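Asker: What follows is a structure written as structure tokens; I'll ask about it next.
The values are calculated or read from the model by the stated rules, or taken from the named source; none is laboratory data. This structure is a prediction, so every number in the text was calculated from the model and none was measured. Because the Cβ atoms are built from the backbone with ideal geometry, glycine has one as well, and the counts that use them run over all protein chains shown.
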Amino acid sequence: MPAPRGWIAHLGYAMLNTPDLDATVWFFENILGMTEVRRVDGMAFLRAYDDYEECSIIACQAPQAGIRRTAFRAASEEALEARVTAILDAGGTGEWEDGVAGRGRTFVTADPDGHEIALYYDTVWYEAPENLAAGLKNQAQAKPNRGVGVRRFDHINFLAARPLEASSFHVDLLGARPTEQIRMDDGRIAAQWVSFGQKSYDVVYTEDWTGGSGRLHHLAFATDTREEILRAADLCLDQGVHIETGPHKHAIQQTFFLYVFEPGGNRIELCNPLTRLVLAPDWPLVTWTEPERRRGQAWGLGTIETFHTHGTPPMEGQDDRVYRPTGMLGKRPSGDARR
């Protein structure tokens, strides 16, 4: 499989819908250790300490949980223009708009499954205020003194009716390469992982067993060590945040993981993928079979049913109350917790 073509530099930001903005921000700040830099018109702009841009998550007040937009930074202005041309030439649609959170003009389109995708190049580099300044000049912000202290927004996993078709949007039009996938006994591709650089993956599409489209499976945030994921599990236990599965290790991509639900109802993964890169320019696409996936995760943990059925926004008639926090809201600090 050829190396990425360098048109997309990296995953930029996600706009995440939540029916409880305050509680969702509380989770990102006090469990993940992110910083809310500002709040405007029902949107909270949040950053991890190693983000060089203003933010990587924009939490948006909305009637239901779910993903509103996923944005990618192009490698140059020329690369941005070329990707827009490629999308339009392939029969896609979209429009230019002013950027958000310090980004310049942005082209907004959608993948074949209906997930909103945005592309931009111009951006403003973050300058930390004095109280958040790092001790080292090559770090954008001081490490947080609360929560886990995630380093970055690492990847996004979309649910899709036809994962291969949706994933091909990133491969054929944006220059990603697939690194791993799942092929079922009937030949269909049930999931595919793609990368824009040397990370083993940036975007994942997995099959939505409910038959829905345009839904979110999870957002993932990278920690520096596995031990911080264990700490996250204890923090979530103490604060009543629902733990869905883990800590454990994936077989696919070998990521050490913990899956929880933030108070708005969106699934969040804390992951430690920092030791695994795809350096080979001729990396072969690794295909997992249906019998191999039945074995579960790397150390034998079974894949739970909700992993294939629960996404956001919830399907009609789907009861998502079980995924809401059991005790955290009662422990949430009163008043404005923003820094």
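Asker: Looking at the structure I just gave you, is Phe158 in contact (Cβ under 8 Å) with a residue 24 or more places away in the chain, surrounded by 21 or more Cβ atoms within 10 Å (Cβ to Cβ) and under 30 Å from Glu316 (Cα atoms)?
Answerer: yes
Asker: Also: Go through (1) within 22 Å of Gly66 (Cβ to Cβ); (2) of a type in the set (S, T, N, Q); (3) more than 15 Å from the chain's Cα centre (by Cα) one by one and return the number of the condition Asn157 breaks.
Answerer: (3)
Asker: Just need a number here: residues in the range 237-258 that are in contact with a strand residue (DSSP E or B) (Cβ under 6 Å, 6 or more places away or on another chain) and either aliphatic (A, V, I, L, M) or under 18 Å from Pro313 (Cβ atoms) (or both).
Answerer: 6
Asker: Collect the residues in the range 169-181 that are in contact (Cβ under 8 Å) with a residue 24 or more places away in the chain and either in a helix (DSSP H, G or I) or more than 19 Å from Arg293 (Cβ to Cβ) (or both), keeping them in residue-number order.
Answerer: Phe169, His170, Asp172, Leu173, Leu174, Gly175, Ala176, Arg177 - these are the residues of the range 169-181 that are in contact (Cβ under 8 Å) with a residue 24 or more places away in the chain and either in a helix (DSSP H, G or I) or more than 19 Å from Arg293 (Cβ to Cβ) (or both).
Asker: A further question on this structure: Tell me, which residue of the range 69-110 that is surrounded by 16 or more Cβ atoms within 10 Å (Cβ to Cβ) and of a type in the set (Val, Ile, Thr) is farthest from Ser195 (Cα to Cα)?
Answerer: Val100
Asker: For the range 254-308, give me each residue that is of a type in the set (Lys, Arg) and modelled with pLDDT under 90. Let's see the steps before the verdict.
Answerer: Step one: of the range 254-308, the residues of a type in the set (Lys, Arg) are 267, 276, 293-295.
The answer is Arg276, Arg293, Arg294, Arg295.
Asker: Moving to a separate point now. In the range 309-320, what residues are hydroxyl-bearing (Ser, Thr, Tyr) and either modelled with pLDDT of 85 or more or touching a strand residue (DSSP E or B) at 6+ places or on another chain (Cβ under 8 Å) (or both)?
Answerer: Thr312
Asker: Right, something else. Can you find, within the range 264-287, the residue that is nearest to Ala59 (Cα to Cα) among those that are surrounded by 17 or more Cβ atoms within 10 Å (Cβ to Cβ) and either among the hydrophobic types (A, V, I, L, M, F, W, C) or in contact with a Cys (Cβ under 6 Å, 6 or more places away or on another chain) (or both)?
Answerer: The residue in question is Ile268.
Asker: Please work out if Phe261 is under 29 Å from Ala62 (Cβ atoms) and aromatic (Phe, Trp, Tyr).
Answerer: Yes.
Asker: Just checking, does the range 126-139 include any residue being assigned to a strand (DSSP E or B), touching a Phe, Trp or Tyr at 6+ places or on another chain (Cβ under 8 Å) and among the aromatic types (Phe, Trp, Tyr)?
Answerer: no
Asker: Let me ask something additional. Gly6 is checked against (1) part of a helix (DSSP H, G or I); (2) surrounded by fewer than 21 Cβ atoms within 10 Å (Cβ to Cβ) and fails just one. What number does that condition carry?
Answerer: If we test Gly6 against (1) part of a helix (DSSP H, G or I); (2) surrounded by fewer than 21 Cβ atoms within 10 Å (Cβ to Cβ), just (1) comes out false.
Asker: I want to confirm something. Restricting to the range 182-200 and keeping residues that are in a loop (DSSP other than H, G, I, E, B) and at pLDDT below 95, which single residue is nearest to His170 (Cα to Cα)?
Answerer: Gly197
Asker: Let me ask something else. With a cut-off of at least 2 residues that are at negative phi and out of contact with any Phe, Trp or Tyr (no Cβ under 7 Å at 6 or more places or on another chain), name the strands (runs of 3 or more DSSP E) lying wholly within the range 254-295.
Answerer: Where strands (runs of 3 or more DSSP E) fall fully within the range 254-295 and carry at least 2 residues being at negative phi and out of contact with any Phe, Trp or Tyr (no Cβ under 7 Å at 6 or more places or on another chain), they are 256-261, 286-289.
Asker: I need a count of the residues in the range 38-64 that are buried (at least 17 other Cβ atoms within 10 Å of the Cβ), in contact with a Phe, Trp or Tyr (Cβ under 9 Å, 6 or more places away or on another chain) and outside any strand (DSSP E or B).
Answerer: 5
Asker: Taking the conditions exactly as written (surrounded by fewer than 20 Cβ atoms within 10 Å (Cβ to Cβ) and farther than 19 Å from Thr70 by Cα), does Asp172 satisfy them or not?
Answerer: Against the criterion (surrounded by fewer than 20 Cβ atoms within 10 Å (Cβ to Cβ) and farther than 19 Å from Thr70 by Cα), Asp172 does not qualify.
Asker: Please go through (1) in contact with a Gly (Cβ under 8 Å, 6 or more places away or on another chain); (2) assigned to a strand (DSSP E or B) for Arg146 and return the number of the only condition it doesn't satisfy.
Answerer: Arg146 satisfies every listed condition except (2).
Asker: What's the number of the only condition in (1) under 30 Å from Pro281 (Cβ atoms); (2) part of a loop (DSSP other than H, G, I, E, B) that Leu32 fails to meet?
Answerer: The number of the failed condition is (1).
Asker: Please specify each residue of the range 121-140 satisfying the condition of being surrounded by 10 or more Cβ atoms within 10 Å (Cβ to Cβ) and more than 19 Å from Ala101 (Cα to Cα).
Answerer: Listed by number, the residues that qualify are Ala133, Ala134, Gln139.
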